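What follows is a single structure, and I will ask about it in a moment.
The values are calculated or read from the model by the stated rules, or taken from the named source; none is laboratory data. What you are looking at is a predicted structure, and each value in this text was computed from that prediction instead of being measured. Here Cβ is always computed from backbone atoms with ideal geometry, including for glycine, and neighbour counts include all displayed protein chains. Remember, those area values only see protein heavy atoms, side chains included, never the ligands or the DNA or RNA. Shrake-Rupley method; radii C 1.70, N 1.55, O 1.52, S 1.80 Å.
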Amino acid sequence: MVLRHCAAFATFLILSGPAQAASPAARPRAPDLGIKVGVLPAGPLDAITDVAGVAVGQTTIVRGDNIRTGVTAIVPHPGNLYRDKVPAAISVGNGYGKLTGVTQVDELGEIETPILLTSTVAVPRVADALISYMLALPGNEDVLSINPVVGETNDGYLNDIRGRHITPEDVFAALKSARGGPVEEGAVGAGTGTIAFGWKGGIGTASRHLPAGLGGYTVGVLVQTNFGGVLSIAGAPVGVELGQYYLRDQASNTGTRRDSADGSCMMVVATDAPLDARELKRLAARALLGMARAGSSASNGSGDYAIAFSIAPSVRIHTEDKGLTRKSETVTTLSTSPLFEAAIEAAEEAIYNSMLKATTTTGNGHTIEALPVERVVQILKEHRVTR
């Protein structure tokens, strides 16, 4: 087994046996193809890390013929999150999932740990490791309760999910490697074994920046895609044109598992706009609209969640603050609509990026092909999405 730290993308890759054939760096992102999602400009990186202080770390596990899984960590700020919590909220599109920590976030409107994404049945083990990580941080020697936030999607088609191969060391590696800058996308981290619209899914990210007159705020989104429906890219019916989509030939029973709408999608939304938990819940709900724009069928078997948080100093919750009241400055309700548009656009593009950057993956006796870029480009031109 070889452990390699890829500093440029804050990713740990654990390999044993043959690696995947193609490199994510060889595949394009949506903007590279001339795809313009929405009307707002992206940030410099077009990633969740455009929100200052937000960091991402990933552990990618590719081992033997059957193990294709990993961990993705989203860290809201570089400080001690238990002592310096961020306001947060969770919106549930469909609750068929295993999101640890959701009730306390709903009740208190805050997050006190990094957000981790992983494989479905690995959630308890990842949460346990996250608790250990937080308890060991300097300053947390007297902490008796930690609310870990861990989301998941099911990678059991390409990965030996029952083996629960993720270890505490894998979790620590993702957390310790987390940093700002470019975020590696595609079949990496928690997206190593995922499937989207019957093609290879994975980790994707994007951002949108509001003009100064609207506050100059940034909204960044990171997604873990593992769901289905009828893929649409910027309005073009890509899934239909490729002949792979939910309910295809359902009446004649010729559809395959790749046409299933089941799965899940985890979405993490970060912003530097000073929002309280109530407004963050509304912001999270808009990210789910970006998922709908991409063609999600929101099926019964899909666990779809959006977690939103604000890193703005004026809305932080400090554990040491024992006062009876707390003063904070937040964006007015009437000023939230541009932020909502930013979340929708960033979420939609992040989904496209997760698929475009993903590579064909074989594991657990199955192969899932990468989205065929050349054919997609042709479809987009035919529908006048690009030139």
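Pick out the long, greasy-scoring helices in the chain: whole DSSP H runs spanning 20 Å or more along their own axis by Cα, mean Kyte-Doolittle at least -1.0. Don't jump to the answer; show the numbers that get you there.
On the way: long enough: 277-293 (25 Å, 0.02); 337-356 (29 Å, 0.42).
Passing helices, by number: 277-293, 337-356.
Taking the simple approach of a point 7 Å from Cα along Cα-to-Cβ for both K176 and L334, what is their distance in nm?
Output for this residue pair reads 5.2 nm.
Pull up the DSSP beta bridges for the chain and report the antiparallel fraction as a percent, rounded to 5.
On the way: 53 of 73 bridges.
Around 75 percent of the beta bridges assigned by DSSP in the chain are antiparallel ones.
Then there is this: Would you mind getting me the FRET efficiency between A52 and E369? Use the beta-carbon distance for r and R0 = 25 Å, nearest 0.05.
Working: r = 38 Å, r/R0 = 1.50.
Once the sixth-power term is evaluated, E becomes 0.10.
Suppose every K and R has +1 on its Cβ and every D and E has -1 on its Cβ; what is the size of the dipole of the chain about the Cα centre, in Debye to the nearest 20? Numbers along the way, then the final one.
Working: 33 positive and 37 negative charges, 105 e Å.
For the chain, the charge dipole is close to 500 debye.
A follow-up question, please. At 222 nm, what helix-only mean residue ellipticity would the chain give, in deg cm²/dmol to the nearest 500, using -39500 (n - 2.57) for each DSSP H run of four or more? Spell out each step's value before the answer.
Values: 7 runs with 82 residues, N = 387.
It comes out at -6500 deg cm²/dmol, rounded to the nearest 500.
Of all DSSP beta bridges in region 227-331, what percent run antiparallel (nearest 5)?
20
Give me a comma-separated list of calculated 3J(HN,Hα) values for region 183-199, in order, Karplus coefficients 6.51, -1.76, 1.60 applied at θ = phi - 60°, integers in Hz, x for any Gly or Pro.
Values per residue, Gly and Pro as x: 10, 5, 10, x, 7, 9, x, 5, x, 4, x, 8, 9, 10, 6, x, 9 Hz.
Right, here's the next one. Non-local amide H neighbours of G229 (under 5 Å, H modeled in plane, Pro and chain starts lacking H): which ones?
So G229 has HN proximity to F197, Y246, S297.
Using 19 Å as the Cα-Cα cut-off, could you pick out the over-long pairs in K98/K176; K85/K322; K85/K327; K281/K322; K36/K200?
Working: K98/K176 24 Å; K85/K322 14 Å; K85/K327 15 Å; K281/K322 26 Å; K36/K200 22 Å.
Violating the 19 Å limit, Cα to Cα: K98/K176; K281/K322; K36/K200.
To continue, here is another question. Between A212 and A298, what is the label-point separation in nm under the 7 Å Cα-to-beta-carbon projection?
Here the modelled spin labels are 3.9 nm apart.
Putting +1 on Lys and Arg Cβ atoms and -1 on Asp and Glu Cβ atoms, find which of L339, V121, L45 reaches farthest to the positive end of the dipole of the chain.
Farthest along the dipole direction, towards plus: L45.
Name the residue from A284, S260, A234 whose Cα lies farthest towards the positive end of the charge dipole of region 204-294, charges +1 on Cβ of Lys and Arg and -1 on Cβ of Asp and Glu.
A284
What area, in nm² and to one decimal, does the C-alpha convex hull of the chain cast on average over all directions? Could you put the intermediate results ahead of the total?
Working: hull surface 74.5 nm².
Seen from a random direction, the Cα hull of the chain projects 18.6 nm² on average.
Next question, about the same structure. Over the Cα atoms of region 250-352, compute the convex hull volume and normalise it per residue, giving Å³.
Working: hull volume 13.1 nm³, N = 103.
Convex hull volume per residue, Cα atoms: 127 Å³.
What is the calculated FRET efficiency for E169 to E320, with r their C-beta to C-beta distance and R₀ = 25 Å, to the nearest 0.05?
Details: r = 32 Å, r/R0 = 1.27.
It comes out at approximately 0.20.
For A358, what charge total do you get from the other residues with a beta carbon under 13 Å from its beta carbon, if Lys and Arg give +1 and Asp and Glu give -1?
Values: positive: R27, R29, R68, K200, K357; negative: D155, E184, E185, E369.
Cβ neighbours under 13 Å give a net charge of +1.
So what are the ³J(HN,Hα) numbers for region 208-216, from phi and the Karplus equation (6.51, -1.76, 1.60; θ = phi - 60°), rounded to whole Hz, Gly and Pro as x?
Each residue's phi maps through the Karplus curve to give 9, 10, 7, x, 4, x, 10, x, x Hz.
Any idea which of A206, V376, Y133 is furthest toward the positive side of the dipole for the chain, if Lys and Arg beta-carbons carry +1 and Asp and Glu beta-carbons -1?
So the residue we want is V376.
Turning to a different aspect of this structure: Provide the per residue accessible area, probe 1.4 Å, for the chain, rounded to a whole number of square angstrom. Before the final figure, lay out each step's value.
Details: 15270 Å² over 387 residues.
Ligands and nucleic acids excluded, the result is 39 Å² per residue.
Over the chain, calculate the relative contact order: mean separation of alpha carbon pairs under 8 Å at least 6 apart, over the residue count, as a percent. Don't skip to the answer; put the middle values down first.
Working: 1085 pairs, mean separation 93.8, N = 387.
So the answer I get is 24 percent.
Select from region 35-75 those trypsin sites (Lys or Arg not before Pro) which occupy a DSSP coil region and have at most 15 other Cβ atoms within 10 Å, ordered by residue number.
Numbers: sites: K36, R63, R68; in loops: K36.
The qualifying sites are K36.
Give the long-range amide H neighbours of K200: residues separated by 5 or more places, or on another chain, with amide H under 5 Å away, using H modelled in the peptide plane at 1.01 Å from N.
E369, A370, L371
I would also like to ask the following. Treating the beta-carbon of each Lys and Arg as +1 and of each Asp and Glu as -1, no other charges, what is the dipole magnitude of region 24-120 about its Cα centre, to the nearest 20 debye? All intermediate terms of the calculation are to be shown ahead of the outcome.
Details: 8 positive and 9 negative charges, 76 e Å.
Dipole of region 24-120, to the nearest 20 debye: 360 debye.
Sticking with this one: Over what distance in Å are the Cα centres of region 329-370 and region 46-85 separated?
So the separation of the two Cα centres works out to 15 Å.
Please give the contour-minus-distance gain from A136 to H383: 0.36 nm per residue of separation, less the Cα-Cα distance, rounded to one decimal in nm.
On the way: separation 247, 0.36 × 247 = 88.92 nm, distance 5.43 nm.
Full extension from A136 to H383 adds 83.5 nm.
Right, something else. For region 309-323, just list the computed ³J(HN,Hα) in residue order, Karplus coefficients 6.51, -1.76 and 1.60, θ = phi - 60°, integers in Hz, with x standing in for Gly and Pro.
In residue order, the calculated couplings are 9, 10, 9, 4, x, 5, 10, 4, 10, 9, 4, 7, 7, 9, x Hz.
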